[in-house]
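Input: a single structure, listed below in structure tokens.
The values are calculated or read from the model by the stated rules, or taken from the named source; none is laboratory data. Because the structure is predicted, anything quoted here is derived from the model rather than measured. Here Cβ is always computed from backbone atoms with ideal geometry, including for glycine, and neighbour counts include all displayed protein chains. Just so you know, the surface numbers come from the protein's heavy atoms only, side chains and all, with ligands and any DNA or RNA stripped out. Shrake-Rupley method; radii C 1.70, N 1.55, O 1.52, S 1.80 Å.
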Amino acid sequence: MGELVCEELSVDVCAFSIASSGKRCLLETSETKEGKFEYQCRTSEVVVEWMADYIETDKCINACGLDRNSVGIASDALLEPQFTAKLCSPACYQKCPNIVDLYFNMAAGEGVFLPDLCDRQRSNPHRAMAELLSSGAAAGGPVSSAEVAAVFPAADAPAPM
């Protein structure tokens, strides 16, 4: 296999992939001359220090409750108890390090430590959501790839248990 370049990926595998450069791929929409919207795969500025040349598996997409058609990168999903339950489940948290790393960094950018959120989610899901909301996490909507690096600084995700 040659070099993995986000802009050359099919939109069906773009989201949650990592280019050869180590930068995350990002699914975006753009408007055509005819006024229609189409998906495009772009390279974000978010670098994964420990992984490159990676297309996320369907098994992890499903285990973590994600959608391949996710546009942009946003921490809003962390506010959804159903999503957090899937993200923190052993099938995702222990077996899908790429996705855990992405959301670990998003949570850290919001001042939330993902392992603590997962511990609280497992023991008391309603309290975990209340604490996340009170922290101001997940305010706003999706961010562009240019904004991601500034909003979500890189941090090392915990090793899978």
Whole-number percent relative contact order across region 8-131, with pairs defined as alpha carbons under 8 Å at least 6 apart: 21
With just the Cα atoms defining each centre, how far is region 7-41 from region 50-80? Give it in Å. 14
Treat each spin label as a single point 7 Å out from the Cα along the C-beta direction, and report the Leu79 to Asp116 distance in nm. 2.1
Ordering Leu4, Leu66 by the accessible surface of their heavy atoms, 1.4 Å probe, largest first, yields Leu66, Leu4
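For region 1-115, which whole percent of the accessible surface, found with a 1.4 angstrom probe, sits on carbon and sulfur atoms? Walk me through the numbers on the way to the answer.
Details: 2820 of 5580 Å².
Carbon with sulfur: 51 percent of the solvent-accessible area.
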Scan around Lys23 for amide H atoms under 5 Å from its own, H built in the peptide plane at 1.01 Å from N, and keep only partners 5 or more places away or cross-chain. Val48
Using a Förster radius of 22 Å, what is the FRET efficiency between Ser70 and Ser21 based on their Cβ-Cβ separation? Nearest 0.05, please. 0.60
Once fully extended, how much extra length lies between Ala52 and Val5, figured as 0.36 nm per residue of separation less the alpha-carbon to alpha-carbon distance? 15.9 nm
